[in-house]
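J.: Have a look at the structure that comes next, please.
The values are calculated or read from the model by the stated rules, or taken from the named source; none is laboratory data. Quantities reported herein were computed from a predicted structural model and do not represent experimental measurements. Neighbour counts run over all protein chains shown; Cβ positions are idealised from the backbone, glycine included. Side chains included, ligands, DNA and RNA excluded: accessible areas come from the protein's heavy atoms. Shrake-Rupley method; radii C 1.70, N 1.55, O 1.52, S 1.80 Å.
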Amino acid sequence: MQMHSYRLQIPTRGKGLYDFTAQIARWLDETCAQNGLLTVFVQHTSASLTIQENADPDVIHDINTFFARLVPEDNRLYRHTVEGPDDMPAHIRAALTLTQLSIPVESGRMMRGTWQGVYLFEYRAVPHRRSVVLHLIAGA
Amino acid sequence: MQMHSYRLQIPTRGKGLYDFTAQIARWLDETCAQNGLLTVFVQHTSASLTIQENADPDVIHDINTFFARLVPEDNRLYRHTVEGPDDMPAHIRAALTLTQLSIPVESGRMMRGTWQGVYLFEYRAVPHRRSVVLHLIAGA
Amino acid sequence: MQMHSYRLQIPTRGKGLYDFTAQIARWLDETCAQNGLLTVFVQHTSASLTIQENADPDVIHDINTFFARLVPEDNRLYRHTVEGPDDMPAHIRAALTLTQLSIPVESGRMMRGTWQGVYLFEYRAVPHRRSVVLHLIAGA
């Protein structure tokens, strides 16, 4: 068995969900691994991960809308307001979703469902460069 | 070390939580592995995973009720309505829970707590066959 | 490759978030592992895990407040009330957060972001001793 890891940078242009499944698949190809366990870990607390449908863009729109309503950007609700009205809601939305995801690998591919895309969920309005660690434990 | 993987099919009969801890334990037995890391990955975005209490069925009832209230089936709230009133709420509930779970294994058993059961959370009204990948990295 | 595991006990003094990043790092040091995948698994359904900002304590305060409002302690909302008004909300809050976290390890350290702390989220009012399994798959 072998281990591989890589730091992926994902530039964001404001709030929303960014599908980076293709970047993960590309890195997986480069490792030449056939079987294993792939882990995706986001190094932030104001952005997170989710697996969502990659077919109808309305799904992504509705997810954004739901989280905006569930965790409002309203400074009166929070003590931590010093980093702007979008920062505390970002931390809460991150707590409600995922910081890490592990996906089994077979024949060099993630064993995800046909309609599953891996998304970075960005909660800050200002563009960021987000660091995501990719880690693989590869079988013989 | 060795790797094992298996595709489990879980038939569902409408919305609710389905305890499949016993099926996971059975597969784990078949691998004859003593120590390792077991990963459970659901290949869908309208069903998800959760670990919950397996003692009082009222806990499961209350969890269902909570998620039904938090993410209502109301087409006026969503753009993505083409797959029925239960589809978009399904995607959101999946985003709020888990797509993947990893559980350490010792002496051939999951190191879960006494009251922890592994559940598939089905959000669609119509019966489905859900695909869950079981993956194990087994120690010597 | 090698596997290590350890049962960590975390005493809690009522509801709130408990940062135990340092305890994890200490155990990681003891294994002398350089690279690997670290898994943290909580053996309860009325406490959970989250990665959150470890800089401004107001963030932690606001997260507590949000979850208290989102999942109220109000017996009229639940059937499962036999273990007290804080038990059923505990199970729901656990379902909304994490039971398990895996973090890649490099040069003997968790590859977490500068501001990321690993927290136990305790939802019960009475002091508990919480069991958390630490598991490591270590590279050569």
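J.: Please go through the stretch B:102-131 and give me each residue that is more than 9 Å from chain C (Cβ to nearest Cβ), of a type outside the set (Gly, Ala, Ser) and closer than 22 Å to B:GLU83 by Cα, ordered by number. Steps first, please.
T.: Residues of the stretch B:102-131 that are more than 9 Å from chain C (Cβ to nearest Cβ), as a first pass: B:107-110, B:118-120, B:122-131.
Okay, now just the ones that are also of a type outside the set (Gly, Ala, Ser), so B:109-110, B:118-120, B:122-124, B:126-130.
Listed by number, the residues that qualify are B:LEU120, B:GLU122, B:TYR123, B:ARG124, B:VAL126, B:PRO127, B:HIS128, B:ARG129, B:ARG130.
J.: Shifting gears a bit: Can you tell me which of (1) out of contact with any Ser or Thr (no Cβ under 8 Å at 6 or more places or on another chain); (2) without any contact (Cβ under 8 Å) to a residue 60 or more places away in the chain; (3) not basic (Lys, Arg) is the one A:ALA25 doesn't meet?
T.: (2)
J.: Here's another thing I want to ask about it. Hey, can you tell me all the residues within the stretch C:97-140 that are more than 25 Å from C:LEU37 (Cβ to Cβ) and in contact with a helix residue (DSSP H, G or I) (Cβ under 7 Å, 6 or more places away or on another chain)? Full working, then the answer.
T.: If we filter the stretch C:97-140 for residues that are more than 25 Å from C:LEU37 (Cβ to Cβ), which is where we start, we get C:122-129.
Listed by number, the residues that qualify are C:TYR123, C:ARG124.
J.: I want to confirm something. Restricting to the stretch C:1-26 and keeping residues that are hydrophobic (A, V, I, L, M, F, W, C) and over 16 Å from the mean Cα position of the chain (by Cα), which single residue is surrounded by the most Cβ atoms within 10 Å (Cβ to Cβ)?
T.: Taking the stretch C:1-26 first, the residues hydrophobic (A, V, I, L, M, F, W, C) are C:1, C:3, C:8, C:10, C:17, C:20, C:22, C:24-25.
Those left that are additionally over 16 Å from the mean Cα position of the chain (by Cα): C:1, C:3.
Working: C:MET1: 17, C:MET3: 22.
Applying the filter and picking the extreme gives C:MET3.
J.: May I ask you to say which residue of C:ARG26, C:ARG79 is at pLDDT 95 or above and over 28 Å from B:LEU17 (Cβ atoms)? Reasoning before the result, please.
T.: Values: C:ARG79 fails: over 28 Å from B:LEU17 (Cβ atoms).
Step by step, each of C:ARG26, C:ARG79 is checked, and only C:ARG26 is at pLDDT 95 or above and over 28 Å from B:LEU17 (Cβ atoms).
J.: Which ones in the stretch C:61-78 are surrounded by fewer than 21 Cβ atoms within 10 Å (Cβ to Cβ), closer than 18 Å to B:ASN64 by Cβ and of a type outside the set (A, V, I, L, M)?
T.: Across the stretch C:61-78, the qualifying residues are C:PRO72, C:ASP74, C:ASN75, C:ARG76.
J.: Step by step: first the residues of the stretch A:42-52, then only those that are assigned to a strand (DSSP E or B) and farther than 20 Å from A:GLY108 by Cα, then the one that is farthest from the chain's Cα centre (by Cα). Which residue is that?
T.: Narrowing the stretch A:42-52 to residues assigned to a strand (DSSP E or B): A:42, A:47-52.
Okay, now just the ones that are also farther than 20 Å from A:GLY108 by Cα, so A:42, A:47-50, A:52.
Values: A:VAL42: 7, A:ALA47: 7, A:SER48: 5, A:LEU49: 3, A:THR50: 5, A:GLN52: 10 Å.
Among residues in the stretch A:42-52 that are assigned to a strand (DSSP E or B) and farther than 20 Å from A:GLY108 by Cα, the one farthest from the chain's Cα centre (by Cα) is A:GLN52.
J.: Return yes or no: is C:VAL126 surrounded by fewer than 24 Cβ atoms within 10 Å (Cβ to Cβ) and at negative phi? Write out each step before concluding.
T.: On the way: surrounded by fewer than 24 Cβ atoms within 10 Å (Cβ to Cβ): yes; at negative phi: yes.
Taking the combined requirement at face value, the residue satisfies it.
J.: Collect the residues in the stretch C:100-140 that are among the basic types (Lys, Arg) and part of a loop (DSSP other than H, G, I, E, B), keeping them in residue-number order. Don't jump to the end; show me each part of the working.
T.: So the first thing to find is which residues in the stretch C:100-140 are among the basic types (Lys, Arg), and the list is C:109, C:112, C:124, C:129-130.
Answer for the stretch C:100-140, where residues must be among the basic types (Lys, Arg) and part of a loop (DSSP other than H, G, I, E, B): C:ARG112, C:ARG124.
J.: Can you go through A:ALA90, A:ALA55, A:ALA33 and tell me which one is part of a helix (DSSP H, G or I) and either out of contact with any helix residue (DSSP H, G or I) (no Cβ under 6 Å at 6 or more places or on another chain) or farther than 11 Å from A:PHE121 by Cβ (or both)? Walk me through it before giving the result.
T.: Numbers: A:ALA55 fails: part of a helix (DSSP H, G or I); A:ALA33 fails: part of a helix (DSSP H, G or I).
Of A:ALA90, A:ALA55, A:ALA33, the one residue that is part of a helix (DSSP H, G or I) and either out of contact with any helix residue (DSSP H, G or I) (no Cβ under 6 Å at 6 or more places or on another chain) or farther than 11 Å from A:PHE121 by Cβ (or both) is A:ALA90.
J.: Going through C:THR31, C:THR81 one at a time, which residue ends up being within 11 Å of chain B (Cβ to nearest Cβ), among the hydroxyl-bearing types (Ser, Thr, Tyr), open to solvent by 20 Å² or more (accessible area, probe 1.4 Å) and farther than 17 Å from B:LEU101 by Cα?
T.: Numbers: C:THR31 fails: within 11 Å of chain B (Cβ to nearest Cβ).
It is C:THR81.
J.: Here are C:ARG26, C:ARG79, C:ARG7: which of them is of a type in the set (Lys, Arg) and assigned to a loop (DSSP other than H, G, I, E, B)? Please lay out each step first, then the result.
T.: Working: C:ARG26 fails: assigned to a loop (DSSP other than H, G, I, E, B); C:ARG7 fails: assigned to a loop (DSSP other than H, G, I, E, B).
Of the residues listed, the single one that is of a type in the set (Lys, Arg) and assigned to a loop (DSSP other than H, G, I, E, B) is C:ARG79.
J.: Kindly list the number of the only condition in (1) more than 30 Å from A:GLY139 (Cβ to Cβ); (2) surrounded by 15 or more Cβ atoms within 10 Å (Cβ to Cβ); (3) within 13 Å of chain C (Cβ to nearest Cβ); (4) not aromatic (Phe, Trp, Tyr) that fails for A:GLN43.
T.: Evaluating A:GLN43 over (1) more than 30 Å from A:GLY139 (Cβ to Cβ); (2) surrounded by 15 or more Cβ atoms within 10 Å (Cβ to Cβ); (3) within 13 Å of chain C (Cβ to nearest Cβ); (4) not aromatic (Phe, Trp, Tyr) leaves (1) as the failure.
J.: Consider only pairs whose beta carbons are under 6 Å apart and that are at least six residues apart or on different chains; among these, list those whose first residue lies in the stretch A:47-68 and is free of Cβ contacts under 8 Å to residues at least 40 places away in the same chain and whose second residue is open to solvent by 10 Å² or more (accessible area, probe 1.4 Å) and among the acidic types (Asp, Glu).
T.: These pairs meet every condition: A:VAL59/A:GLU53.
J.: Could you please find all residues in the stretch A:84-115 being open to solvent by 30 Å² or more (accessible area, probe 1.4 Å), closer than 30 Å to B:LEU8 by Cα and without any contact (Cβ under 8 Å) to a residue 24 or more places away in the chain?
T.: Taking the stretch A:84-115 as the starting set, the residues that turn out to be open to solvent by 30 Å² or more (accessible area, probe 1.4 Å) are A:85, A:106-107, A:109, A:112, A:114-115.
Okay, now just the ones that are also closer than 30 Å to B:LEU8 by Cα, so A:106-107, A:109, A:112, A:114-115.
If the condition is that a residue be open to solvent by 30 Å² or more (accessible area, probe 1.4 Å), closer than 30 Å to B:LEU8 by Cα and without any contact (Cβ under 8 Å) to a residue 24 or more places away in the chain, then A:THR114 is the only one that fits.
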